[in-house]
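This report concerns only the one structure given below.
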Amino acid sequence: MKYKKKSVFRQMYDALPTERPQAPKTAWVNDIAALVKVHPVTVRCWLAGTQRPDELRTDIIARHLGVSAKELFNVK
């Protein structure tokens, strides 16, 4: 089989980066999720206030972010 030269159209496509940068907020959610081993959707639920992480995860996140656990999720 003969080698066929790629079209300019295909060359332009191949030149595109394979990974695009994540939005900063998405990256932050993904980092927190990886830190405490939960799905990013769970972190989004914490952000929305529909769920709250358990005490261990709260402590890990607080330590990571340099904020007190009580302050982090408005725990009284």
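The values are calculated or read from the model by the stated rules, or taken from the named source; none is laboratory data. Keep in mind that this is a model prediction, so the values were computed, not measured. So basically every Cβ, Gly included, is an ideal-geometry build from the backbone, and we count neighbours across all protein chains shown. The area values use the complete protein model at the heavy-atom level, side chains included, leaving out ligands, DNA and RNA. Shrake-Rupley method; radii C 1.70, N 1.55, O 1.52, S 1.80 Å.
Report the Stokes-Einstein translational diffusion coefficient (µm² s⁻¹, integer) for the range 1-61, Rh taken as the Kirkwood radius over Cα pairs, at 20 °C with viscosity 1.002 mPa s. Write out the running numbers ahead of the final one.
Details: Rh = 14.8 Å.
My calculation gives 145 µm²/s for D.
Here the accessible area of the chain is 58 percent carbon and sulfur, with a 1.4 angstrom probe and all protein chains present.
Under the combined filter of DSSP loop state and at most 15 neighbouring Cβ atoms within 10 Å, the range 1-33 retains these trypsin sites (Lys or Arg not before Pro): K2, K4, K5, K6. Distance between the C-alpha centres of the range 1-26 and the range 36-76: 39 Å, rounded to the whole angstrom.
Per residue, the average separation of C-alpha pairs within less than 8 Å and at least 6 apart gives the chain a relative contact order of 16 percent. Residues whose amide H lies under 5 Å from that of Q51, counting only those 5 or more places away or on a different chain, are W46; hydrogens are built 1.01 Å from N in the peptide plane. Computed over Cα pairs, the Kirkwood radius of the range 33-76 leads via Stokes-Einstein (1.002 mPa s, 20 °C) to a diffusion coefficient of 204 µm² per second. Counting only protein heavy atoms and a 1.4 Å probe, the chain has 90 square angstrom of accessible area per residue. Restricting the chymotrypsin sites (Phe, Trp or Tyr not before Pro) of the range 1-69 to loop positions (DSSP other than H, G, I, E, B) with no more than 11 neighbouring Cβ atoms within 10 Å leaves Y3.
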